[in-house]
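The values are calculated or read from the model by the stated rules, or taken from the named source; none is laboratory data. Fair warning: this is a prediction, and the values are worked out from it, not measured in the lab. Neighbour counts are summed over all protein chains in view; Cβ atoms, including those assigned to glycine, are modelled from backbone coordinates with ideal geometry. With ligands, DNA and RNA removed, areas are computed over all heavy atoms of the protein, side chains included. Shrake-Rupley method; radii C 1.70, N 1.55, O 1.52, S 1.80 Å.
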Amino acid sequence: MAVDSTLSSPLGPPACDKDAKALRFIEEMTRNADAVQERVLAEILSRNAETEYLKRFKLDGATDRETFKTKIPVITYDDVQPEIQRIANGDRSPILSAHPISEFLTSSGTSAGERKLMPTIKEELDRRQLLYSLLMPVMNLYVPGLDKGKGLYFLFVKSETRTPSGLLARPVLTSYYKSEHFKTRPYDPYNVYTSPNEAILCPDSYQSMYTQMLCGLIERNQVLRLGAVFASGLLRAIRFLQLNWVELAHDIRTGSLNSKITDPKLKNHMKHFIKPDPELASFVIQECSNENWEGIITRIWPNTKYLDVIVTGAMAQYIPTLNYYSGGLPLACTMYASSECYFGLNLNPMCKPSEVSYTIMPNMAYFEFLPHGSGSTRIVDLADVEVGKEYELVITTYAGLYRYRVGDILRVTGFHNSAPQFHFVRRKNVLLSIDSDKTDESELQRAVENASKLLVKFNTSVVEYTSYANTETIPGHYVIYWELLTKADSVNSSNSPTHEVLNQCCLEMEESLNSVYRQCRVADHSIGPLEIRVVKNGTFEELMDYAISRGASINQYKVPRCVNFTPIMELLDSRVVSVHFSQDLPHWTPERRR
Ligand code: AMP
């Protein structure tokens, strides 16, 4: 298709007129980042002027930055939790937002062990969709011909609950996939998925994954890109194929559908889609029965140009495994978003994972930046951040979060026009993460304390511990190293803790971890059983000696509660005396405990 040359973009030649419009929008927003931000803040403050929250701080209808910054405090979730709870309980007065709160988005960040509830309003869906609509126009600048095939994306909905007053509470992607924006999206040749809506929307994760994989196999030659939201999700799909290829090949050979697929809409869709294809079935069997799965992705889907998964932040730990299965296909990180707000996109999506920078789109919310680690506390605006410096992201949203600390640490890498670009450094306080779970130091500490209660009757205590996220297994799992002390009178007696008791300690730790961890274990199967490795007495002293030999100060030495430095892990592993795993699943239901 000839593209109207007057619509050409500084980012590169657009693939079609629609792309030209999207690229022009990006240019317009990034050229005028500061002015757009000023307008966004004024819009948010004027429409919400009569809310209880803004009135409490006596904003008196002011919409300028100066007054806003003087009067409105920078807050965390716990500060606004009472207001959120009132809304959840049914108070429909304009507490945070003049627009009615349409639902709550449940974040993977937790407060008191439960997912944080993020208020949202209907029009936020438009804003999210707008950001999505910019992704392919940018990708098309780098990868030609994506309109000639399909994307195999493993997308899932998760369980939803209702608050006491009946408002829905569910993850942001579940909300998006169930929206008309997604379900009735117009045909776009650059955005065709192999997964039917019926499969994506099936609440049973096995049936959903099975049919998405089946469709992906059937259309293997059309697949040009493969993805999931996070790297861990794509690896879970590969693991699923490892465990289920015999049944999948059987369905392909016979043109029938596995009897475990019982969801009526999904069954009906698949009935019309699946046809016997013995040749494809033989191919699947030949590839999957091969012991060596290196490069399996490109063998099964030979036309794949890149993997579309987030591998920044905690997900970077999966890059080597993805490279192994894909034979080193490019990894594209396209966007940066959260339940609170969608932030921005990567304008150079085919860059190396270590070089990924996200450009925050100034129309999405009002963004401020709290200097991190530099001693300065002077919060700055989007257009005023400095290259090389680290900041914590603070947002003010249309849905009614004001100067809210997201908890993400970002480093400025440069600018596109006047909009800064950020490397995602890390999320604050996260010690362990396998999938969307985030476990902090105090949660781990509490879990160890609770589990060690089981040792009391054996006169045994946990004297030191540390941990790491083991991603060599799929799914990955938490490994906790314990050094135990059994009181002298019970050493060598038959009363020291048994293997079963230590297995039980693993489960007790899991019971104590937050609801996102337990959901990953129970509903998503995206985390494997927790493992405790008991190490020889004196191991943690050796660990300290090692750290001191490498220059740590003896006075300031603290046991690291999470390790990932190979020599340290080798030291720990060489001192292991017994290994224990959780033998059961912890408790989890969609209902919140509070
Ligand atoms: P949630 O609140 O569960 O939607 O999770 C949002 C959080 O996921 C963000 O605040 C980040 O910490 C993380 N996240 C989202 N997108 C990315 C990305 N592209 N790279 C790294 N981390 C991300």
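If I ask for residues that are within 15 Å of the ligand (Cβ to nearest atom), among the aromatic types (Phe, Trp, Tyr), touching a helix residue (DSSP H, G or I) at 6+ places or on another chain (Cβ under 7 Å) and not assigned by the TED database to the domain that holds Asn32, which ones from the stretch 319-376 would you list?
Tyr342
Name the one entry in Val534, Val563, Val559, Val516 that is in contact with a strand residue (DSSP E or B) (Cβ under 7 Å, 6 or more places away or on another chain), assigned to a loop (DSSP other than H, G, I, E, B), of a type outside the set (D, E, K, R) and open to solvent by less than 20 Å² (accessible area, probe 1.4 Å).
Val563
Look at Ile360 and say whether it is among the β-branched types (Val, Ile, Thr) and open to solvent by 10 Å² or more (accessible area, probe 1.4 Å).
It is false that Ile360 is among the β-branched types (Val, Ile, Thr) and open to solvent by 10 Å² or more (accessible area, probe 1.4 Å).
I need every pair where a residue in the stretch 97-126 that is within 15 Å of the ligand (Cβ to nearest atom) and in a strand (DSSP E or B) has its Cβ under 6 Å from the Cβ of a residue that is open to solvent by less than 30 Å² (accessible area, probe 1.4 Å) and at pLDDT below 95, sequence separation at least 6 or different chains.
none
For the stretch 519-540, how many residues are farther than 21 Å from Glu441 by Cβ and among the acidic types (Asp, Glu)?
Qualifying residue count, the stretch 519-540: 1.
When you check Met270 against the structure, is it open to solvent by less than 10 Å² (accessible area, probe 1.4 Å) and farther than 21 Å from Asp524 by Cα, yes or no?
yes
Provide a single number: the residues in the stretch 284-295 that are aliphatic (A, V, I, L, M) and open to solvent by 30 Å² or more (accessible area, probe 1.4 Å).
Adding up the residues that qualify gives 1.
Scan the stretch 243-267 for residues that are in contact with a Ser or Thr (Cβ under 7 Å, 6 or more places away or on another chain) and either open to solvent by 90 Å² or more (accessible area, probe 1.4 Å) or assigned to a helix (DSSP H, G or I) (or both) and jot them down.
Leu266
Yes or no, residue by residue, for (1) within 13 Å of the ligand (Cβ to nearest atom); (2) of a type in the set (A, V, I, L, M); (3) at pLDDT 95 or above; (4) outside any loop (DSSP other than H, G, I, E, B):
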position	(1), (2), (3), (4)
Val394	yes, yes, yes, yes
Tyr402	no, no, yes, no
Arg405	yes, no, yes, yes
Asp408	yes, no, yes, yes
Thr413	no, no, yes, yes
Pro420	no, no, yes, yes
Arg426	yes, no, yes, yes
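I'm trying to understand the selection: among the residues of the stretch 298-315, which are closer than 26 Å to Cys288 by Cα, within 16 Å of the ligand (Cβ to nearest atom) and part of a loop (DSSP other than H, G, I, E, B)?
The one that is closer than 26 Å to Cys288 by Cα, within 16 Å of the ligand (Cβ to nearest atom) and part of a loop (DSSP other than H, G, I, E, B): Val311.
From the residues in the stretch 129-147 that are within 25 Å of Thr397 (Cα to Cα) and open to solvent by less than 10 Å² (accessible area, probe 1.4 Å), which one is nearest to the ligand (Cβ to nearest atom)?
It comes out as Leu131.
Could you please let me know if Ile379 is surrounded by fewer than 22 Cβ atoms within 10 Å (Cβ to Cβ) and within 11 Å of the ligand (Cβ to nearest atom)?
Taking the combined requirement at face value, the residue does not satisfy it.
Just one of Val479, Val501 is farther than 30 Å from Leu105 by Cα and within 33 Å of the chain's Cα centre (by Cα); which is it?
Val479
Consider Leu167 carefully, then state whether it is in contact with a Ser or Thr (Cβ under 9 Å, 6 or more places away or on another chain) and closer than 25 Å to Arg518 by Cα.
Here the answer is yes, as Leu167 does meet what is asked.
Only one residue in Arg86, Arg56, Arg39, Arg92 is among the charged types (D, E, K, R) and under 30 Å from Thr359 (Cβ atoms). Which one?
That would be Arg39, the only listed residue that is among the charged types (D, E, K, R) and under 30 Å from Thr359 (Cβ atoms).
Just one of Ala552, Ala547 is in a loop (DSSP other than H, G, I, E, B) and open to solvent by less than 50 Å² (accessible area, probe 1.4 Å); which is it?
Only one candidate passes the filter, namely Ala552.
Which condition does Ala469 not pass, out of (1) surrounded by fewer than 23 Cβ atoms within 10 Å (Cβ to Cβ); (2) among the small types (Gly, Ala, Ser); (3) farther than 24 Å from Pro320 by Cβ, if it passes all the others?
(3)
Considering only the stretch 458-466, I want to know if a residue exists there that is more than 16 Å from the ligand (Cβ to nearest atom) and assigned to a loop (DSSP other than H, G, I, E, B).
yes
(1) at pLDDT 95 or above; (2) surrounded by fewer than 19 Cβ atoms within 10 Å (Cβ to Cβ); (3) over 30 Å from Val157 (Cα atoms): which one isn't true of Leu502, the others all being true?
For Leu502, the exception is condition (2).
Mind checking which residues of the stretch 432-457 are open to solvent by 40 Å² or more (accessible area, probe 1.4 Å), under 12 Å from Leu513 (Cβ atoms) and either within 16 Å of the ligand (Cβ to nearest atom) or charged (D, E, K, R) (or both)?
Correct list: Lys438, Asp440, Arg446.
Which residues, counting only those in the stretch 296-314, are open to solvent by less than 20 Å² (accessible area, probe 1.4 Å) and either farther than 24 Å from Val356 by Cα or of a type in the set (Phe, Trp, Tyr) (or both)?
Passing the criteria: Ile296, Ile300, Trp301, Tyr306.
Could you say whether any residue in the stretch 575-586 is part of a strand (DSSP E or B), crowded, with 19+ Cβ neighbours inside 10 Å and touching a strand residue (DSSP E or B) at 6+ places or on another chain (Cβ under 8 Å)?
yes
Does at least one position in the stretch 276-294 carry a residue that is away from the ligand (no atom under 16 Å from the Cβ) and under 15 Å from Gly227 (Cα atoms)?
No, the stretch 276-294 contains no residue that is away from the ligand (no atom under 16 Å from the Cβ) and under 15 Å from Gly227 (Cα atoms).
Cβ contacts < 9 Å: first residue of a type in the set (Phe, Trp, Tyr), restricted to the stretch 207-235; second residue in a loop (DSSP other than H, G, I, E, B), any location; separation 6+ or different chain. Result?
The qualifying pairs are Tyr210/Asn258; Tyr210/Lys260; Tyr210/Ile261; Phe230/Val311; Phe230/Asp435; Phe230/Ser436.
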